[in-house]
Amino acid sequence: MTTIDKVLYTGKTTTTSGGRDGSARSSDGRLDIELSSPGSAGKGTNPEQLFAAGWSACFIGAMGKAAGTLKVKLPADLSVDAEVDLVLQEGQYFLQARLNVSLPGLDRETARAVVDTAHQTCPYSKL
C-alpha cells in the first residue's frame, strides 16, 4: 500500500440523480454544468469530455514542469488534444484514451523528451 505524504487538493462535486443526464456542481460553485449522454441531443457535456479536458489541461501543466527541468522553452502556441473513448467490449464498459500533443518549433527529440517526462509527472497519465 502506498503512503500519501500530503493531499494537495480535493475536488468535490455533487451530481444529481440522472447521472449522465443530470447536472454536476462543485462544492465551491465554480463548476455548475448540465450533463447529457454521449451522442444524445442533450444540451450538456458528458463525463468523457470532462475527463479529456481535465487530462489535457493537467498535461500542459506537466509539460511546463518538464520543460523547466529540461531547460526547454515551450512554444506559446502548443496544444494538447485529448480523446477519451467510452467502449463496450464483451458486455463490459471501459475507457481508452490518448493525447495528441503539438509542440511547434521543437525538434522531434526535444518534444519527445518533454512529453515523456510530462507523462511521468501528470497524475491523469498515471491513472
Integer Hz, Karplus 6.51/-1.76/1.60 couplings in order for the range 56-73, x for Gly and Pro: 5, 5, 4, 5, 4, x, 5, 5, x, 5, 4, 4, x, 5, 8, 6, 10, 8
Residue-wise HN-Hα coupling along the range 33-43, computed from phi with Karplus coefficients 6.51, -1.76, 1.60 (Hz; x: Gly, Pro): 10, 8, 10, 8, 5, x, x, 7, 8, x, 8
Heavy-atom SASA rank of THR14, THR110 (probe 1.4 Å, accessible area, largest first): THR14, THR110
Per-pair calculated FRET efficiency, R0 = 41 Å: ARG112 and LYS43 via Cβ, rounded to 0.05: 0.55
Which labelled figure in (i) 34; (ii) 23; (iii) 15 is percent of Cα pairs over 27 Å apart, once derived from the coordinates: (i)
Mean residue ellipticity (222 nm) of the chain, computed from DSSP H runs ≥ 4 via -39,500 (n - 2.57), nearest 500: -10000 deg cm²/dmol
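With contacts defined as alpha carbon pairs under 8 Å and 6 or more residues apart, what's the relative contact order of the range 1-112 in percent?
Values: 132 pairs, mean separation 15.8, N = 112.
With pairs under 8 Å counted, the relative contact order is 14 percent.
Once you charge only the Cβ atoms, +1 for Lys and Arg and -1 for Asp and Glu, what is the size of the charge dipole of the chain about its Cα centre, to the nearest 20 debye?
Around 420 debye, computed over the chain.
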Within the accessible area of the chain (1.4 Å probe), percent carbon and sulfur: 51 percent
Qualifying trypsin sites (Lys or Arg not before Pro) in the range 1-87, DSSP loop, other Cβ atoms within 10 Å at most 14: LYS6, LYS12, ARG30, LYS43, LYS71, LYS73
In sequence order, calculated HN-Hα J values of the range 96-110 (Karplus, 6.51, -1.76, 1.60; Hz; x Gly/Pro): 10, 8, 8, 10, 10, 9, 10, 10, x, x, 8, 5, 4, 5, 5
Heavy-atom accessible area per residue - the chain, 1.4 Å, Å²: 72 Å²
Amide H partners (placed H, <5 Å) of GLY44, local residues excluded: SER36
Positive-end residue, the chain charge dipole about Cα centroid, Cβ charges, pick of GLY61, PRO47, SER17: GLY61
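The values are calculated or read from the model by the stated rules, or taken from the named source; none is laboratory data. Just so you know, these numbers come straight off a predicted model, no measurement behind them. Glycine also receives a Cβ, built like all others from the backbone with ideal geometry; neighbour counts cover every protein chain displayed. What goes into the accessible areas is simple: the full protein's heavy atoms, side chains included, and nothing from ligands, DNA or RNA. Shrake-Rupley method; radii C 1.70, N 1.55, O 1.52, S 1.80 Å.
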